[in-house]
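The values are calculated or read from the model by the stated rules, or taken from the named source; none is laboratory data. Computed from a prediction, not measured in an experiment: that's the story for all the values here. Glycine also receives a Cβ, built like all others from the backbone with ideal geometry; neighbour counts cover every protein chain displayed. Surface accessibility is based on the protein's heavy atoms, side chains included, excluding ligands, DNA and RNA. Shrake-Rupley method; radii C 1.70, N 1.55, O 1.52, S 1.80 Å.
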Amino acid sequence: PEYTFAPDSRNVAVGPDATGQDFEGAPVTYGISGTVTAGGAPLAGVTIDAGGGHTAVTAGDGAYTIAGLVAGEYTLTASKPEFTFAPSALVVTVGPDATGRDFEAAPVTYSVSGTVTASGAPLAGVTIDAGNGHTAVTAADGTYSLAGLVAGTYTLTPSRAEYGFTPGARDVVVGPDAAGQDFEASQATY
């Protein structure tokens, strides 16, 4: 069981004895395949690891195949920087092939936070805009927090009618979280 042989059969004539009638055995191997998606879209560049040096990387369509596995149980894990995966591990038994072993990815997200003050006092009602629909409004204590940001660089722009800000905008790199992104407000004069 679980082996193939070359040759698969051999005709042997005896009388005299027949020596050197050898066979070469090779284990039968199987494959594991599936897809990785993020928000329903295929995710390329994900490494799927079955242990023992058996890995595959997802293609543009999110599909992967790990071949050359002997019959047994394998624990699959998925990895790509700045993503988490569900399930975190997947136990798969091969012999026969195992298909449809899928993972769902979610980007790791970070936050930006800070305080807006005017003459040293907290200023409520200031909108902090990081672009792409990521906004927050300062609370009564002047603090704000923008959550759900994927790793990258964001330009924070504060705004409130009748106020100017120092700095007027600030570039912030997230991944990890970025705290202490403060602004000083000054009331406009006419």
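Key figures
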{"read-out": "Relative counts (whole %) of C-alpha pair distances in the chain, using bins that are 10 Å wide", "value": "8, 23, 16, 14, 13, 10, 6, 4, 3, 2, 1, 0"}
{"read-out": "Cα-centred dipole magnitude for the chain, charges only on beta-carbon of K, R (+1) and D, E (-1), debye, nearest 20", "value": "460"}
{"read-out": "Per residue accessible area in Å² of the stretch 67-145, where ligands, DNA and RNA are left out and the probe is 1.4 Å", "value": "49"}
{"read-out": "Theoretical gain in end-to-end length, Glu2 to Ala147 [0.36 nm per residue, Cα-Cα removed]", "value": "46.9 nm"}
{"read-out": "Accessible surface of the chain, 1.4 Å probe, proportion on carbon and sulfur as whole %", "value": "53"}
{"read-out": "DSSP-defined antiparallel bridges as percent of all bridges, the chain, nearest 5", "value": "85"}
{"read-out": "5 Å-binned pair-distance histogram of the stretch 59-124 (Cα, whole percent)", "value": "3, 12, 18, 15, 12, 7, 5, 5, 4, 5, 4, 4, 3, 2, 0"}
{"read-out": "√(5λ) per eigenvalue of the Cα gyration tensor, the stretch 103-188, largest first, Å", "value": "26, 11, 11"}
